[in-house]
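S.K.: My questions will all concern the structure given below.
The values are calculated or read from the model by the stated rules, or taken from the named source; none is laboratory data. Owing to the predicted nature of the structure, the values given are computational and were not obtained by experimental measurement. With ideal geometry, Cβ positions are generated from the backbone for all residues, glycine too; neighbour counts draw on all protein chains shown. Quick note on the areas: whole protein, heavy atoms, side chains included, nothing else; ligands and nucleic acids left out. Shrake-Rupley method; radii C 1.70, N 1.55, O 1.52, S 1.80 Å.
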Amino acid sequence: MEQQRDYPEATGDFTGLLTQIALAAKIISREVNKAGLVNILGFTGEKNVQGEAVKKLDIFANEKMIDALTYSGHVCVMGSEEDAEPIALPPEVSRGNYVVMFDPLDGSSNIEAAITIGTIFSIHRRLSSGADGTLEDLLQPGHKQVAAGYVVYGSSTMMVYTTGQGVDGFTLDPSVGEFLLSHPNIRTPERGNTYSANEGNYQYWHPEMQRYMDHIHEKDPASKRPYASRYVGSLVADFHRTLLYGGVFLYPADSKDPKTPTGKLRLLYEASPLAMVIQAAGGKASTGTENILDVQPNKLHQRVPLVIGSRAEVELAEEFFQGNR
Ligand code: AHM
Ligand code: MG
């Protein structure tokens, strides 16, 4: 709301939209925090579009995001990691000009171990002219995002987002039920000697990634190598730590699953929004050869290799990926 005052032409729609996302996040946060207590955990027996087992809390989070956005009046179409197709609005609700994509509960394989998980969101303006948004509205490159962010359900619940001008973090104060500005203008360190990758995939990585990893493991005190390893296996948690402390997170292409040769993470629900956040905080996100924000999506559930974090660390990895080292 404070930033809205800087834009006299602002209608308040965007603020309204973020408020609805924050509302969904509060509801999801409440359920995540009592996940061990209620009978909401466990497999539903269904598979999501990625072919992975879906837990009940994923579905709950997905429904809350869809409901909060559907009735906001600010959205024309949505896309969710849990839904194969674009999510249209029911006929009776009013339409708005925003397009929202989200991963309602990322890292959900960690729920039963009480490990940090999160919700990621990406907001675009619609391109199409009809009342309802279309697939074309969802398939926009990351540099067209008007805002992006995530909510991390960890030892505290935090919402971090950017509209392109700086990154702010808000911590949920459970006693008042509001997100309070706790981390204004987050800047990611230029360098960081921490890396985050699933090294169990080493044999499946391409030689460039293997050589990069071997380099990171070498002893060279001048460049603070070997780097420290941190890997939660929950993207929001690994990203949030990297954003605040610096370092690099990598999920490269690998040959583990022939169905997903370009890596595991999804461009529209994961890589692109986090890329907007890191870039606004002074960091960088890359496929290894291309800025993530420049990748033109051609399908909703497209996957991309992701190298993200401190600018100097991403550029070091890029040198290897591009065969210059
Ligand atoms: P999900 O959306 O099904 O939860 O999968 C995405 C998660 C990310 O949170 C995490 O970075 C990655 O999968 C971990 O993958 P892996 O187990 O291959 O290391
Ligand atoms: Mg995910």
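S.K.: Using alpha-carbon pairs under 8 Å, 6+ residues apart, how would you state the relative contact order of the chain in percent?
M.R.: Once divided by the residue count of the chain, the mean separation gives 15 percent.
S.K.: Then there is this: Can you grab the distance from the C-alpha centre of the range 182-232 to the C-alpha centre of the range 77-100, Å, no decimals?
M.R.: Cα centroid of the range 182-232 versus Cα centroid of the range 77-100: 37 Å apart.
S.K.: Another question, then. At what distance in nm do the modelled label points of A84 and E136 sit from each other, each positioned 7 Å from its Cα along Cα→Cβ?
M.R.: 2.5
S.K.: With a point put 7 Å past each Cα toward its Cβ, work out how far D294 is from Q203 in nm, to one decimal.
M.R.: 3.6
S.K.: Using the Cβ atoms and a cut-off under 11 Å, what net charge is assigned to the surroundings of F239, where Lys and Arg are +1 and Asp and Glu are -1? Show your work: numbers first, answer last.
M.R.: Working: positive: R241; negative: D106, D238, E270.
Neighbour charge sum, excluding F239 itself: -2.
S.K.: Among residues other than V152 whose Cβ falls under 12 Å from its Cβ, what is the net charge (Lys/Arg +1, Asp/Glu -1)?
M.R.: -1
S.K.: Right, next: So which lysines can K299 reach, going by Cα to Cα under 22 Å and dropping same-chain residues fewer than 8 places off?
M.R.: K47, K144, K256, K259, K264
S.K.: Relative to the present Cα-Cα distance, how much length would full extension add between T70 and A222 at 0.36 nm per residue of separation?
M.R.: Values: separation 152, 0.36 × 152 = 54.72 nm, distance 5.34 nm.
Gain on extension, T70 to A222, equals 49.4 nm.
S.K.: Which translational diffusion coefficient, to the nearest whole µm²/s, is obtained for the range 263-325 from the Stokes-Einstein equation, given a Kirkwood hydrodynamic radius over C-alpha pairs, 10 °C and 1.306 mPa s?
M.R.: In µm²/s, the coefficient rounds to 137.
S.K.: What number comes out for the charge environment of G12, summing +1 per Lys or Arg and -1 per Asp or Glu over other residues with Cβ under 14 Å away?
M.R.: For residues surrounding G12, the net value is -3.
S.K.: Using a 1.4 Å probe, what is the accessible area per residue for the chain, in Å²? Could the numbers behind the result be given before it?
M.R.: Values: 14180 Å² over 325 residues.
About 44 Å² of surface per residue is accessible.
S.K.: Let me ask something additional. Mind computing the radius of gyration and Dmax over the alpha-carbon atoms of the chain? Å is fine for both.
M.R.: 19.2, 64
S.K.: Which distance in nm do the two modelled labels at E178 and Q4 give, with both placed 7 Å along the Cα-to-Cβ direction?
M.R.: Distance between label points: 1.4 nm.
S.K.: Here is a follow-up. Roughly how many percent of the accessible protein surface of the chain is carbon and sulfur, given a 1.4 Å probe and a whole-percent answer?
M.R.: Working: 7030 of 14180 Å².
With neighbouring chains kept in place, the figure for the chain is 50 percent.
S.K.: Roughly how many whole Å is it from the C-alpha centroid of the range 4-21 to that of the range 275-296?
M.R.: Measuring centre to centre over Cα atoms gives 25 Å.
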